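Structure, as structure tokens:
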Amino acid sequence: MASIDASIEVEVPLSRAYNQWTQFESFPLFMEGVREVRQVDDTHLHWVVEVGGRVKEWDAEIVSQEPDHRVAWHSTGGTPEAGVVTFEPVGPDATRIDVVMEYLTDGPLEAAGEVLGFAGRRVRGDLERFKEYIETHRDAGEQGWRGRVGESGAPDVVTPDDAEQLRSGTALSPGNEPDLGPGTAFPDDGRSRA
């Protein structure tokens, strides 16, 4: 099990930072290796990413979204992962962004990369590039989806302590994995959901 916890402060108002982050299809502009993010609907995304010279694709579901505060997701196919991004004002024109992720490595190359800290450096680099992008593009963050996810009977599988679960490594621990459907194999030990 691998986890990442990274933060950055950006010199833009909270709503602008949040709005730009929710423009998921713009992620290739500042996320290393991300070739495409396609928003299928309000809560589903399709990712195409290059990792270690290999192209990987997977689907993700936004399970909780609160405007100007947080976005939480988990994968619904491919390598199991989950995460939450939170936004906190640190002044009228500054925002702190915290990213917490947990994932299972996919094969020996990714496992070796995790030991060397490549994924954590990549996420921190993505946050630095996001900072540069949002602070230098005048129109960045002008639009964003302001809807909520996890209300009115919509599934909200991420609990209020999800960030703590992700930090402590329990969110994807055996017996607590997201429901990825029948036959989904966990690459680290070959278990599969029946």
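The values are calculated or read from the model by the stated rules, or taken from the named source; none is laboratory data. Not measured: the values here are computed from a predicted model. Please note: Cβ atoms are built from the backbone with ideal geometry, for glycine as well, and neighbour counts cover all protein chains shown.
Residue count for the stretch 98-110 satisfying the condition of being closer than 19 Å to Asp5 by Cβ and either touching a strand residue (DSSP E or B) at 6+ places or on another chain (Cβ under 6 Å) or modelled with pLDDT under 65 (or both): 8.
Quick grid of which residues meet (1) in contact with an Asp or Glu (Cβ under 8 Å, 6 or more places away or on another chain); (2) farther than 18 Å from Gly150 by Cα; (3) not in a helix (DSSP H, G or I):
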| residue | (1), (2), (3) |
| --- | --- |
| Gln20 | no, yes, no |
| His46 | yes, yes, yes |
| Val49 | yes, yes, yes |
| Ile62 | yes, no, yes |
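For Val100, the conditions (1) within 21 Å of Ala17 (Cα to Cα); (2) assigned to a strand (DSSP E or B); (3) more than 13 Å from the chain's Cα centre (by Cα) all hold with the exception of (3). Per the listing Thr95, Thr86, the residue uniquely in contact with a Pro (Cβ under 8 Å, 6 or more places away or on another chain), modelled with pLDDT of 95 or more, among the hydroxyl-bearing types (Ser, Thr, Tyr) and part of a strand (DSSP E or B) is Thr95. Give the residues of the stretch 46-98 that are free of Cβ contacts under 8 Å to residues at least 60 places away in the same chain and of a type in the set (Asp, Glu), sorted by residue number. Matches in the stretch 46-98: Glu50, Glu57, Asp59, Glu61, Asp68.
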